[in-house]
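What follows is a single structure, written as structure tokens, with notes after it.
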Amino acid sequence: MINKADLHTHTTASDGMFRPEVNVKLAQDAGLSAIAITDHDTLSGIPEAIEAGKTYRIIVVPGVEISTAVEGKDIHILGYGISHDDQLLQSRLLSQRNIRHRRNDAILIRLAELGMTVSIEELEHAAGKAHTSGGSVGRPHIAQVLVDKGYAANIKDAFDRYLGEGKPANVSPPRITPLEAIGWIHEAGGKAIIAHPGIYNDDNLVLSLLDSGADGLEAFHSDHDAPSELRYEEWAMGRGKLVTGGSDFHGIKDGEAFHGSIGSRSVDIEIISRLLQK
């Protein structure tokens, strides 16, 4: 085991392909000492992951990735060390998932207008899971249907051509602001981290959030190049903020991981004690 942690992974509790237990086992296979479960707008995968952590001797950090928006731009805020049975946060995240469902419906309408039909049944089949409480379906599942039906070469192609920001089937519904999400996380006893800042192409916004209440920055991410990672690390450290990192693993299809394989981005586990500090 190496003293490294992948602090950004998704499971079938949201739009990942594998159950929480599998993610934990993959962390062990990768030689990691710790993993965070950070599903979109839900905490439902955390209990299973914690139990798996006992089996595989992997530290499991409870987390969440909350969807927010600023002027139509999607911004994600990671929360760590939150109480995963916090009832107020649970109810707030339920409202977030309802927005996600409406967004999915709007995306399917956009795709149909573009000549690409995707049914709800096909979408649920792509999710590959029973919809347990707290689960949700997201854009990676829609992307998978586009691949399966020959509309896209792979998941990345589906996002690059149709589902990504500014693309013809992208929909940005009204959401809470990043500062509201930071407040939710703090009220639930957690630390709030700005996820994958390199995706937003808005350094001023990232710096503004970092100076307005966020506890840190996800410097290391599968979609960041080395110079960007160094810059983000310097931004956070220069402000006395936390520096985190993770693969943003969603699953593996035809040998290809989206966004990256578990352990492809990691940080020293010493950061975990600071993330869990109340």
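The values are calculated or read from the model by the stated rules, or taken from the named source; none is laboratory data. Computed from a prediction, not measured in an experiment: that's the story for all the values here. Because the Cβ atoms are built from the backbone with ideal geometry, glycine has one as well, and the counts that use them run over all protein chains shown.
Could you tell me whether segment 130-137 includes any residue that is of a type outside the set (S, T, N, Q) and not in a loop (DSSP other than H, G, I, E, B)? Outline the logic, then answer.
Kept after step one, since they are of a type outside the set (S, T, N, Q), are these residues of segment 130-137: 130-131, 134-135, 137.
Pick out the ones that are also not in a loop (DSSP other than H, G, I, E, B) and you get none.
No, segment 130-137 contains no residue that is of a type outside the set (S, T, N, Q) and not in a loop (DSSP other than H, G, I, E, B).
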* Test: residue in segment 190-205 that is more than 20 Å from LYS73 (Cβ to Cβ) and in contact with a Lys or Arg (Cβ under 8 Å, 6 or more places away or on another chain) -> yes
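Would you call VAL64 surrounded by 20 or more Cβ atoms within 10 Å (Cβ to Cβ), at pLDDT 95 or above and under 14 Å from the mean Cα position of the chain (by Cα)?
Values: surrounded by 20 or more Cβ atoms within 10 Å (Cβ to Cβ): yes; at pLDDT 95 or above: yes; under 14 Å from the mean Cα position of the chain (by Cα): yes.
The answer is yes for VAL64.
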* Asked: Out of (1) surrounded by fewer than 16 Cβ atoms within 10 Å (Cβ to Cβ); (2) in contact with a helix residue (DSSP H, G or I) (Cβ under 8 Å, 6 or more places away or on another chain); (3) part of a helix (DSSP H, G or I), what's the single condition that is false for ALA106?
  -> (2)
* To do: Considering only residues that are of a type in the set (Ser, Thr, Tyr) and touching a helix residue (DSSP H, G or I) at 6+ places or on another chain (Cβ under 9 Å), look in segment 1-43 and name the one that is farthest from ARG265 (Cα to Cα).
  => THR42
* Residues of segment 44-61 satisfying the condition of being under 15 Å from the mean Cα position of the chain (by Cα) and of a type in the set (Val, Ile, Thr) -> ILE46, VAL61
* Asked: Do we have any residue at all in segment 176-195 that's at positive phi, without any contact (Cβ under 8 Å) to a residue 40 or more places away in the chain and outside any helix (DSSP H, G or I)?
  -> no
* **Which listed residue, of SER228, SER264, is assigned to a loop (DSSP other than H, G, I, E, B), modelled with pLDDT of 95 or more and among the small types (Gly, Ala, Ser)** => SER264
* Asked: How many of the residues in segment 214-248 are out of contact with any strand residue (DSSP E or B) (no Cβ under 6 Å at 6 or more places or on another chain), surrounded by 15 or more Cβ atoms within 10 Å (Cβ to Cβ) and of a type in the set (Gly, Ala, Ser)?
  -> 2
* Could we say that ALA153 is of a type outside the set (Val, Ile, Thr) and surrounded by 15 or more Cβ atoms within 10 Å (Cβ to Cβ) here? -> no
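Could you check how many residues of segment 30-61 are within 24 Å of LYS4 (Cα to Cα) and crowded, with 21+ Cβ neighbours inside 10 Å?
Final tally of qualifying residues: 17.
Kindly provide the set of residues from segment 54-94 that are part of a loop (DSSP other than H, G, I, E, B), out of contact with any Leu (no Cβ under 6 Å at 6 or more places or on another chain) and not hydroxyl-bearing (Ser, Thr, Tyr), ordered by number.
ARG57, ILE58, GLU71, GLY72, ILE82, ASP85, ASP86
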* Got a number for residues in segment 13-29 being surrounded by fewer than 24 Cβ atoms within 10 Å (Cβ to Cβ) and assigned to a loop (DSSP other than H, G, I, E, B)? -> 3
* Failed condition for PHE258, given (1) modelled with pLDDT of 95 or more; (2) touching a Lys or Arg at 6+ places or on another chain (Cβ under 9 Å); (3) not basic (Lys, Arg) -> (1)
* Which of (1) touching a residue at least 60 places away in the same chain (Cβ under 8 Å); (2) more than 26 Å from THR244 (Cα to Cα) does SER91 not meet, given it meets every other one? -> (1)
